[in-house]
Amino acid sequence: FENEFKRLSSLDLIGQMAAGISHEIRNPMATVRGFLQLLKMDNDFGKQEHYFEIMIEELDRANSIITEFLSIGNTKTSDMKMLDLNTIIFDMCPLMEVDAVTQNKMIEVETEDVPYLLLNHNEIRQLIMNIYRNGLEAMEEGKTLLIRTYKENDSVVLAVRDQGIGISQEVMEKLGTPFFTTKDNGTGLGLGVCYAIAARHNAKIEIETGNEGTTFFIKFNIGHRTKG
Ligand code: ADP
Ligand code: MG
């Protein structure tokens, strides 16, 4: 599938998101500030407890926005190194394990020896994190998320398969649009960041989805050249 968003260059993408993000971070800050002012005037403990809850939620939200966008910067060629994708995945295992276990879900990793790729370490971590977290969030308790690497023609493929609810055609068309989310506490930034990172690595993102769940394929060219 194709959408307008993906036709934007990765720089437009980042600019568009950065503008939105400043706004999205100021909102929770303004809310927290407002409640702090209320607290200063209000001695009703019942109410105060509620104010604290809202403030914590808002701070968490600002934190997720920053986390999902964090490693998007101005990647220089010097930040790209020949790296083993499998090593990056193994290094992330403890983090993924905590995320899965706290949601009562499982993550399995299956790797094949694949050629080294010219990668920005932080960005690839970010891409993997944003995608596996979506996968976990789409699944019910007890389900398993599978992360695989393998070689296919002239590509190294990173496949993240969940046993989640799948993605409807309607949602599919909006995927990656900054701030598009179907979740109550979603940021709608994760996939946009993934598309930008993939574009910078000349990688393609393909999606297969159905009743059984969704698989995200990130396909890296072997021996590709980076853009700027
Ligand atoms: P967020 O996770 O904050 O909602 P994302 O950009 O990461 O933002 O994802 C946007 C939307 O794409 C999600 O709200 C969800 O509707 C859909 N989505 C992404 N990944 C999956 C998945 N693995 N299964 C089902 N839906 C997904
Ligand atoms: Mg997400």
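A few comments on the model shown:
- Relative packing of peptides 123-132, 45-54 - highest average C-beta neighbours within 10 Å first: 123-132, 45-54
- Per the Cα gyration tensor, the chain maps to an equivalent ellipsoid with semi-axes of 34, 21, 17 Å, ordered largest to smallest.
- With respect to the chain, whose longest principal axis is taken over its alpha-carbon atoms, helix 190-200 is tilted by about 40°.
- 15 Å beta-carbon shell around L83, net charge (K/R +1, D/E -1): -2
- Axis angle, to the nearest 10 degrees, between helix 45-69 and the longest C-alpha principal axis of the chain: 20 degrees.
- Rel. contact order, % - alpha carbon contacts under 8 angstrom, at least six apart, the stretch 97-185: 29 percent
- Inter-probe distance in nm under a simple model that places probes 7 Å from Cα toward Cβ, at F52 and I25: 2.7 nm
- FRET efficiency for E173 and L38, using Cβ-Cβ distance with R0 set to 45 Å, rounded to 0.05: 0.65
- Relative contact order of the chain, pairs being alpha-carbon contacts under 8 Å that are 6 or more residues apart, as %: 21 percent
- Degrees separating the helix 85-102 axis from the principal Cα axis of the chain, which is the longest one: 30 degrees
- Based on C-alpha pairs under 8 angstrom that are at least 6 apart in sequence, the stretch 122-228 has a relative contact order of 29 percent.
- Among the listed pairs K81/K105; K143/K183; K151/K174, a Cα-Cα separation exceeding 31 Å is found for K81/K105.
Here, each number is a calculation from the coordinates, and none is a lab measurement. Computed from a prediction, not measured in an experiment: that's the story for all the values here. Every residue, glycine as well, gets a Cβ built from its backbone with ideal geometry; the counts of neighbours run over all protein chains shown.
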